[in-house]
Amino acid sequence: MEKELVEKEQIVEQVCKSLGNSHFGDVMVVGGGISGIQAALDLGTAGFKVYFVEKSPTVGGKMAHLDKTFPTNDCSMCIESPKFVECKRHPNIEMITYAEVESVKGEAGDFTVTVVKKPRYVDESKCTGCTVCVEYCPVKYPDQFNQGISNNKAIHIYFAQAIPLVTYVDESCLYLKEGKCQICSAVCKTNAIDFTQTPEYLDIKVGAIIVSPGIEPFDPKLRAEYRYGEFVNVVTAFDYERLLCATGPYEGEILRASDKKHPHNVAWIHCVGSRQVIEGGHSYCSAVCCTYTQKQVILTKDHDEGAKCTIFHNDIRSYGKDFERFYQRTEALPGIRFIRSYVSIEREDPVTRNVTIRYSTPDDGVKEEEFDMVVLSVGLVPPANLKKFADAFGIELNAHGFCKTNPANPLETTRPGIFVSGAFQGPMDIPESVFTASGAGSLCGEILSYRRGNLSTARVYPPERDVSQEEPRIGVYVCHCGANIGRIVNVPSTVEYSLTLPNVVHAEESLFICSTEAAAMLAKDIKERGLNRVIVAACTPRTHEPLFRDTLREAGINQYYYEMSNIREHCSWVHSKEKEAATEKAKDLIRMSVARVRHLEPLQEFDLPVNKVAVVVGGGIGGMTSALSIANQRHEVHLIEKEKELGGMARKLHYTLEGLDVQAYLKDLIGRVYKHPLIHVYTNATIPEATGYVGNFATKVKSDRGFAEIKHGATVIAIGADLYTPTEYLYGEDGRVMNHLDLEEKITDRDEKIMNAQSVVMIQCIGCRNEERNYCSKICCSESIKNALKLKEIRPDVDVCIFFRDIRSYGFKEDYYREAAGKGVRFIRYEPENKPQVEPGEAEDGRPVLKVTAMDYVLGKNLELDADIIALAAAIIPSAGSQEISKLFKVALGPDGFCQEAHVKLRPVDFAAEGVYLCGTAHYPKLISETVGQAYGAAGRALTLLANDTVVASGSVCAVNEKMCMGCGACAPACTYNAIELRDTKQGKKAEVVPVLCKGCGLCNSKCPTGAIQLKHYTDEELFSQILAGLYKNGDHARN
């Protein structure tokens, strides 16, 4: 086996040498949305050469069109655009935009992909993105990026942060249509316009492919009753996103198309194009619409606190992590109504152009109401021409037109070697798109691990210029952030003020400082103007600081000479009604940054060796899947399970909605784990101690195998979750009351109680969506529907009733909800203040039953049902060991006790603690297919670390001034990372910081009575100068 692998590697190496890097890579990622971006970055960082193909003129996908992202309401472009630049700068990623795949030949490990590059009629190597051609172009047409609300030119840049930042000519061009014009050619100073371009065909050889073409919003014009395109003030939710956005058609002003006035009474209509078994509709639930509607309502209230917002809905499907709180936050806002009703759009007022909606209410019957604007919460559909796309790759589609996947692995298509990520699997939110991208990357790594690193190259920076002895020369760059900042803060005045500050030799404004053009200009300024300190006054450093630090490195100066002044979150957003005060505060913040940056010192990051071994904590489906994927990429894995057997909660499951035999699947999975030569299994295990840092952890394990200390580089936390034990509805007192897992067990065993039951009642939301557990357990509705269908399969005559608050059968699970209703399963809604009541009783035929009484809100009266069995949909709760694991591995837990990811959208399987990853129900309740996808995602993220020999550690760590240290030891116990040691010296005990363990939290600084410990990059001198600058608003700057 080893001999074969060596020979294969030699062959690959010879081919690489003969072909060079031209049109020869490891993986092709097709689709430039957030999922494709993440897949490309993970694979490139893990040592693979990636060809990244996108059909649009730029990467970004649908996320680039959004204003904010729920549930944190982060600026969508702000968190995504740094990844654009990262892709562009990555040495192992070759981007091919405005291109499509024509055909795929070959097999896994040896594909030949024919890519067709559409003509831009612009030479990318010559275009500087100056947009002079756009200014002179006479042709105006509806701007696709702004949903056709505003106009653009025939030659234009798709959006300001586009990668590549070059223009392209579209089909509306006069020269292309009629052979006239060519003004753009005449005004272009670099001669970049080239109308002789024709489609370019590229044959690219790769070993694996990831398809991630994304989704499109449903077009309501397909259903005439929505009046979209007929009534001018009826818009889609995607139109509304652009209205909300500072880069939108009205620079963030929400204006009606009819009169350009602000709407003050807005209605949203749910499920447009989704949950509809009608011509032009789609039967599935689009999964994200409920929550994006809530986001838009919150943002509308931010724009206009007096706005009245009405949401017409069916079920509210706030099933995701923190979604329930987001729903409650929306519902609690003044002037907000949630009305459960189907609606019809009746008419438009010919004068005001207001829109009248007809809807029904439980108390007042049918009503009509007029609104200034109506927003259609449209569903998500597969991209246009997806059948052609699938044929090109030789893969199959499912009944809904999305990618057909392996029931046991949602990342595998029907063609080996081609994997899927993102919403091509089916409607999903951004975090799922991101972790399935990492997961698909891990699957690519499994089949290509033998050639990892053969085609990759390392990033090379210019030599660093020593400026430590130079007088500070500060450059200040103030960003408009579209209109996010510029609409509130007087940016030109702020720039002018910056030039009056000490040591500021250059200041300028930028529309988007995060764009590639602006970043390149910043690097050029550093070189040409001799800048040795840089301040960017823009948005949050949380997303953009790494980008600008990297820019400083590219310009040849130390990255720690950079300072970011947040004049958006800390200024324009919180003072949006106080423009003059916001401008003054922006000046204050910049003045304070200038005072601090003058004292910054160069710091050096250092490389740490990476131990190539991984530890996976938790032996359920998530843990085993992740362990296998890592091991299949030639890394040793230690799998630690607290129980005596592997399998986790899946041992209690027998079937899925889709028909997967869970026990057979689990048996196969466990067998593969035990048979794998690189996986070491520890059962009945406990972890007394876990220490170390990224790339170099040490975990002590006590198990059936005895005691062991494992040295490893990465950790995956997959500790699963527990099931709530009900205290309500006679659970534990009456044997006829059970939870849904008990019911599943009895159905599988054909238990006598099940076979003889005449009536089964299921009650949802037991132990969650309440004050104690303010979240939705996500899977319970699907679990109850699954059991109801299985009951109807084996006992068609049994009466099944499900009491629910909202049926949250998101995605394709909606089809099973409809199937259950069609087979006679009754669904009865209840409200939390009027829950079903259960007590023992007797049926009319004299048999003992459980009497269930509840209000039926459709019939408007109380019901009484006789139940032979009651199944409680008990909540999924955090694992009992989560607190202990959190302390051992120094990872955070969220407010509900589940593991807290580093970023809810873009780092859904990373902890904030580097080198530690998470997956499965440890993160949040999820179905098996979702757990599998996230488990591969955690493995993919772990490989971005384990595939490298070293990892870079921050230079911003603490240091001790021995002369000031009196050896009191107060600092050592304060450090949760054990980074401080007390050592004996001739002057007595002295504290010493171990840099590789220090995380730069600064807690020890606050404990030191003499100030002997300082955090580099945040020294007393730097911080006090910043504070003093804030105090001396109009005083002598030099005093700071």
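List of remarks:
- Qualifying residue in the stretch 855-869 (condition: in contact with a strand residue (DSSP E or B) (Cβ under 7 Å, 6 or more places away or on another chain), among the acidic types (Asp, Glu) and closer than 28 Å to Cys289 by Cα): yes
- Ala874 touching a Gly at 6+ places or on another chain (Cβ under 7 Å), surrounded by 17 or more Cβ atoms within 10 Å (Cβ to Cβ), closer than 30 Å to Val852 by Cα and among the small types (Gly, Ala, Ser): yes
- Matching entry among Ala555, Ala519 (being out of contact with any Pro (no Cβ under 7 Å at 6 or more places or on another chain), crowded, with 19+ Cβ neighbours inside 10 Å, closer than 20 Å to Gln161 by Cα and touching a residue at least 24 places away in the same chain (Cβ under 8 Å)): Ala519
- All positions within the stretch 38-84 that are closer than 27 Å to Val951 by Cβ, of a type outside the set (A, V, I, L, M) and within 16 Å of the chain's Cα centre (by Cα): Gln38, Asp42, Asp74, Cys78, Glu80, Ser81, Pro82, Lys83, Phe84
- For Met428: the one exception among (1) at pLDDT 95 or above; (2) out of contact with any Asp or Glu (no Cβ under 7 Å at 6 or more places or on another chain); (3) in a helix (DSSP H, G or I): (3)
- Flag if Ile687 is surrounded by 17 or more Cβ atoms within 10 Å (Cβ to Cβ) and in a strand (DSSP E or B): yes
- The stretch 255-282, residues that are crowded, with 21+ Cβ neighbours inside 10 Å and within 18 Å of Ala307 (Cβ to Cβ): Pro263, Val266, Ala267, Trp268, Ile269
- Screening Ala757, Ala714 for residues that are assigned by TED's automatic domain parsing to the domain that holds Ala939 and surrounded by 18 or more Cβ atoms within 10 Å (Cβ to Cβ) leaves exactly one candidate, Ala714.
- Conditions (1) in the same structural domain as Lys205 (by TED's automatic domain parsing); (2) of a type in the set (Asp, Glu); (3) in contact with an Asp or Glu (Cβ under 7 Å, 6 or more places away or on another chain): number failed by Glu107: (3)
- For the stretch 970-1015, the set of residues classified as basic (Lys, Arg), over 32 Å from the mean Cα position of the chain (by Cα) and either under 24 Å from Val594 (Cα atoms) or in a loop (DSSP other than H, G, I, E, B) (or both) consists of Lys986 only.
- Listing of helices (runs of 4 or more DSSP H) fully contained in the stretch 527-644 that carry 2 or more residues being more than 30 Å from Lys890 (Cα to Cα) and touching a helix residue (DSSP H, G or I) at 6+ places or on another chain (Cβ under 6 Å): 541-555, 579-597
- Taking the criterion of being assigned to a loop (DSSP other than H, G, I, E, B) and at pLDDT 95 or above, the only residue of the stretch 473-488 that qualifies is Arg473.
- Those residues of the stretch 191-211 which are under 37 Å from the mean Cα position of the chain (by Cα), among the β-branched types (Val, Ile, Thr) and surrounded by fewer than 23 Cβ atoms within 10 Å (Cβ to Cβ), in sequence order: Ile204
- Among the residues making up the stretch 107-164, those that are of a type in the set (Gly, Ala, Ser) and closer than 20 Å to Leu243 by Cα are Gly148, Ser150, Ala160, Ala162.
- Condition check for Glu100: acidic (Asp, Glu) and either modelled with pLDDT under 95 or surrounded by fewer than 15 Cβ atoms within 10 Å (Cβ to Cβ) (or both): no
- Those strands (runs of 3 or more DSSP E) lying entirely in the stretch 849-928 with at least 2 residues modelled with pLDDT under 95: 861-867
- Restricting attention to the stretch 51-71 and to residues that are charged (D, E, K, R) and part of a loop (DSSP other than H, G, I, E, B), the residue that is farthest from Thr167 (Cα to Cα) turns out to be Asp67.
- Search result, residues across the stretch 717-754 that are under 30 Å from Arg941 (Cα atoms) and surrounded by fewer than 24 Cβ atoms within 10 Å (Cβ to Cβ): Asp722, Leu723
- Just one of the numbered conditions (1) of a type in the set (Gly, Ala, Ser); (2) under 30 Å from the mean Cα position of the chain (by Cα); (3) surrounded by fewer than 24 Cβ atoms within 10 Å (Cβ to Cβ) is not true of Ser777: (3).
- Filtered residues of the stretch 152-195 (kept if assigned to a strand (DSSP E or B) and either not hydroxyl-bearing (Ser, Thr, Tyr) or not assigned by TED's automatic domain parsing to the domain that holds Val139 (or both)): Asn152, Lys153, Ile155, His156, Val169, Ile193
- Members of the stretch 873-920 that are under 18 Å from Ala942 (Cα atoms) and among the polar types (S, T, N, Q): Gln900
- Listing of strands (runs of 3 or more DSSP E) fully contained in the stretch 324-406 that carry 1 or more residues being without any contact (Cβ under 8 Å) to a residue 24 or more places away in the chain and more than 24 Å from the chain's Cα centre (by Cα): 343-348, 355-361, 365-371
- Extreme residue, surrounded by the most Cβ atoms within 10 Å (Cβ to Cβ), among residues of the stretch 785-820 that are in contact (Cβ under 8 Å) with a residue 60 or more places away in the chain and β-branched (Val, Ile, Thr): Ile785
- Residue that is farthest from the chain's Cα centre (by Cα), among those in the stretch 261-299 that are over 25 Å from Lys813 (Cβ atoms) and not in a helix (DSSP H, G or I): Lys261
- Lone unmet requirement of (1) out of contact with any Gly (no Cβ under 7 Å at 6 or more places or on another chain); (2) in contact (Cβ under 8 Å) with a residue 24 or more places away in the chain for Lys140: (2)
- Filtered residues of the stretch 128-179 (kept if crowded, with 18+ Cβ neighbours inside 10 Å and hydroxyl-bearing (Ser, Thr, Tyr)): Thr131, Tyr158, Thr167, Tyr168, Tyr175
- Check on His638, buried (at least 21 other Cβ atoms within 10 Å of the Cβ), at pLDDT 95 or above and not polar (S, T, N, Q): yes
- Some residue of the stretch 986-994 being among the hydrophobic types (A, V, I, L, M, F, W, C), at pLDDT 90 or above, in contact with a helix residue (DSSP H, G or I) (Cβ under 9 Å, 6 or more places away or on another chain) and more than 30 Å from Asn454 (Cα to Cα): yes
- Some residue of the stretch 713-735 being out of contact with any helix residue (DSSP H, G or I) (no Cβ under 8 Å at 6 or more places or on another chain), assigned to a helix (DSSP H, G or I) and under 30 Å from Gly841 (Cα atoms): no
The values are calculated or read from the model by the stated rules, or taken from the named source; none is laboratory data. Only a predicted model underlies this, so the values are computations on that prediction, with no experimental measurement involved. Ideal geometry is used to build each Cβ from the backbone, glycine not excepted, and the neighbour counts take in all protein chains shown.
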